[in-house]
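The values are calculated or read from the model by the stated rules, or taken from the named source; none is laboratory data. Nothing here was measured: the structure is a model prediction, and the numbers come from that model. Every residue, glycine among them, receives a Cβ derived from its backbone with ideal geometry; neighbour counts consider all protein chains shown. Ligands, DNA and RNA are stripped out before the accessible areas are found, and what is left, the full protein with its side chains, is counted by its heavy atoms. Shrake-Rupley method; radii C 1.70, N 1.55, O 1.52, S 1.80 Å.
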Amino acid sequence: MEIISVGNQTITEFVLLGFCVRAELHLLLFTVFTVIYAFIILGNMLIIVAVVSSQRLHTPMYFFLANLSFLEILYTSSVMPKMLEGFLQEAAISVAGCLLQFFIFGSLATAECFLLAVMAYDRYLAICYPLHYPLLMGPRWCLGLVVIAWLSGFMVDGLVVALMAQLRFCGPNHIDHFYCDFMPLMSLACSDPSVAQMTTFILSVVCLTVPFGLIQTSYGRIAVAVLRVPAGASRGKAFSTCSSHLAVVSTFYGSLMVLYIAPSAVHSQLLTKVFALLYTVVTPFFNPVIYTLRNKEVQQALWRLLYVKQPETND
């Protein structure tokens, strides 16, 4: 990778401009996002502890949920500390650090795409094929699916970063974003970024549309199966849960698709940052609530862990 250069000067770092708002709002935004970040970390940590500590939660569904929680802790932590720093002072990041941030963030985002598809497929098997579910979702198969999801994310984005590292940068070193994202970095390249852009576009289409299509298919078949159940509270609860899951998943995938598959649809950098907030902050904030904290079994596990020791029941 070539060091960024301007004239005879060597530039060894980028400056993240973050949110260009009035200075008097910086402290307020810092406080708000710090609280959100703390909730994301705490909520996901509680989920992991609950799953590990409760024997009743040692099932495929909660195994996948624990992995999602761990992934989102890392995922959010790769972006938010620098974003928070930008509210207090100039957020500088080295060239290598910028590429590393994009690699970690992009890899975890891609891994989450695959993991969300695995979770939807798991629910489809559990609801539509309950008798065969224990055989179809055995421990080795569950572990294999999770390993594939994680490795796929790092392999895909490793290729993208390898291509980005071959580019030559010159000119301004200011990134008009709150983290090192692909398109803002490409706009600073003075060598031809077309190979990296085309590769990223193709990989984005595959890694976003295929898992999202699987999720839609899984939830569609779940909806058909639920409609066959006599009307009642159980049907309403199932539809409420599925719609909540699908709403958060659609927000995550939709914002990624807009920014990585159809970036020309976003006509302002402010709007780009808003879409980026949807998948970097909003969905990790709501996922603990939607996926598990509304779940009775997780609530019972947390209650036993934090307050009183109660015998585990099968209620």
Here the gain from full extension of A262 to C128, 0.36 nm per residue of separation minus their alpha-carbon distance, amounts to 44.7 nm
Among Y62, T272, V226, the residue whose Cα sits farthest towards the positive end of the charge dipole of the chain (+1 at Cβ of Lys and Arg, -1 at Cβ of Asp and Glu, taken about the Cα centre) is V226
With label points set 7 Å from each Cα along the Cα-to-Cβ direction at R221 and S250, the distance between them in nm comes to 2.1
Placing +1 on each Lys and Arg Cβ and -1 on each Asp and Glu Cβ in the chain, then taking the dipole about the Cα centre, the residue among M164, A96, A301 whose Cα reaches farthest towards the positive end is A301
In debye to the nearest 20, the charge dipole size for the chain, taken about the Cα centre with +1 at each Lys and Arg Cβ and -1 at each Asp and Glu Cβ, equals 1200
Spelling it out for F178: with amide H atoms placed in the peptide plane at 1.01 Å from N, the residues 5 or more places away or on another chain with amide H under 5 Å from its amide H are G18
quick shape note, the chain: Cα extents on principal axes in Å, largest first -> 72, 40, 33
Within the chain, excluding any trypsin sites (Lys or Arg not before Pro) found in a DSSP loop (not H, G, I, E or B) and having at most 12 other Cβ atoms within 10 Å, the longest uninterrupted segment runs 23-227
Of all DSSP beta bridges having both residues in the chain, the percent classed as antiparallel (nearest 5) is 75
Dipole check, segment 13-309, charges on Cβ (K,R +1; D,E -1), about Cα centroid: among L203, L116, M257 the Cα furthest to the positive pole belongs to L116
Heavy-atom accessible area per residue of the chain, all protein chains kept, 1.4 Å probe, expressed in Å², is 49
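Return a whole-number percent for the relative contact order of the chain, with Cα pairs under 8 Å and 6 or more residues apart as the contact set.
26
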In whole percent, the fraction of accessible protein surface over segment 13-309 that belongs to carbon or sulfur atoms, probe radius 1.4 Å, stands at 72
